[in-house]
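> A single structure is presented below for examination.
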Amino acid sequence: MIPVDTDPYPIHEANEQELKEAISVRIRVFVDIQKFMLENEIDEYDKAALHLVVVDASQDNKVIGTLRVHESEGSLKIGRVVILPEHQGKGLGKKLMMTVEQHIARSPKFGQYTHVKLGSQCDKRVFYEKCGYVANEDEVYYEKEVPHIWMYKRLIPSNS
């Protein structure tokens, strides 16, 4: 008998089609719902970034969440973290964050980094604190009048 992956919400690196779906998810949440500007949603980092996606196995592996990680100004940055509203509250955001941290720890591309940073909307700060991130109170900034704060986490190297 062939083993079957029973995870209803698998997470993996996005293929080309899934990346298009992931960008649509980002646009739905960040542009349509949160009213950020479309022209700021897709940027120069998307081409070089590692994109992870959460898919719903019960819906033909439809992308329901995503994030990206990339190098920026000498740091490793996680960004564009999003789970569709109808799938929030299932622990998928935390699972996505844990998965990207494991991926970073195993990746030769990112092996030199000991910390990762992200820019959190201030009202999402508690979520990231539960994931082990620490805010720097002196690093608040605004995007479209929405306060954000830089948060950091020390990475644990992989032994694999």
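> Order 33, 23, most accessible first, counting only protein heavy atoms with a 1.4 angstrom probe. Walk me through the intermediate numbers first.
Numbers: 33 90, 23 35 Å².
If we order 33, 23 from most to least accessible, we get 33, 23.
> In addition: By how many nm would the segment from residue 130 to residue 88 grow when fully extended, if each residue of separation counts as 0.36 nm and the alpha-carbon distance is taken off?
Working: separation 42, 0.36 × 42 = 15.12 nm, distance 1.53 nm.
Full-extension gain reported as 13.6 nm.
> Report the FRET efficiency, 1/(1 + (r/R0)^6), for residue 143 and residue 32, where r is their Cβ-Cβ distance and R0 is 25 Å, rounded to 0.05.
My answer for the efficiency is 0.95.
> On the accessible surface of the chain, probed at 1.4 Å, how many percent belong to carbon and sulfur atoms?
Answer for the chain is 53 percent, counting heavy atoms of protein chains only.
> With θ taken as phi - 60° and the coefficients 6.51, -1.76 and 1.60, list the Karplus ³J(HN,Hα) couplings across the stretch 143-152 in order, rounded to whole Hz; mark glycine and proline as x.
3J(HN,Hα) across the stretch 143-152, in whole Hz: 10, 6, 6, 9, x, 10, 9, 6, 10, 9.
> Still on this structure, I have one more. Could I have the simple spin-label model distance between residue 57 and residue 122, label points 7 Å from Cα toward Cβ, reported in nm to one decimal?
Calculated label separation equals 4.1 nm.
> Which one, [x] 14; [y] 22; [z] 40, gives percent of Cα pairs over 27 Å apart as derived from the coordinates shown?
Computed from the coordinates, percent of Cα pairs over 27 Å apart corresponds to [y].
> Another question, then. What order do 100, 140, 146 take when sorted by accessible area (1.4 Å probe), most exposed first?
These residues rank, largest area first, as 140, 146, 100.
> Heavy atoms only, probe 1.4 angstrom, no DNA, RNA or ligands counted: give me 41, 71 ranked by accessible area, highest first.
Ranked list, largest accessible area first: 71, 41.
> Which of the lysines could a cross-linker bridge to residue 20, judged by Cα under 28 Å and excluding same-chain residues fewer than eight apart?
35, 47, 62, 77, 90, 94, 95, 109, 117, 124, 144
> Treat each spin label as a single point 7 Å out from the Cα along the C-beta direction, and report the residue 72 to residue 42 distance in nm.
Inter-label distance under the simple model: 1.8 nm.
> OK, next. What residues have an amide H closer than 5 Å to that of residue 36, excluding those fewer than 5 places away on the same chain, when H is modeled at 1.01 Å from N in the peptide plane?
HN-HN under 5 Å from residue 36: 31.
The values are calculated or read from the model by the stated rules, or taken from the named source; none is laboratory data. Just so you know, these numbers come straight off a predicted model, no measurement behind them. FYI the Cβ positions are ideal-geometry reconstructions off the backbone, even for glycines, and counts take in every protein chain you see. When the accessible area is computed, the model is the full protein with side chains, heavy atoms only, and any ligands, DNA or RNA have been set aside. Shrake-Rupley method; radii C 1.70, N 1.55, O 1.52, S 1.80 Å.
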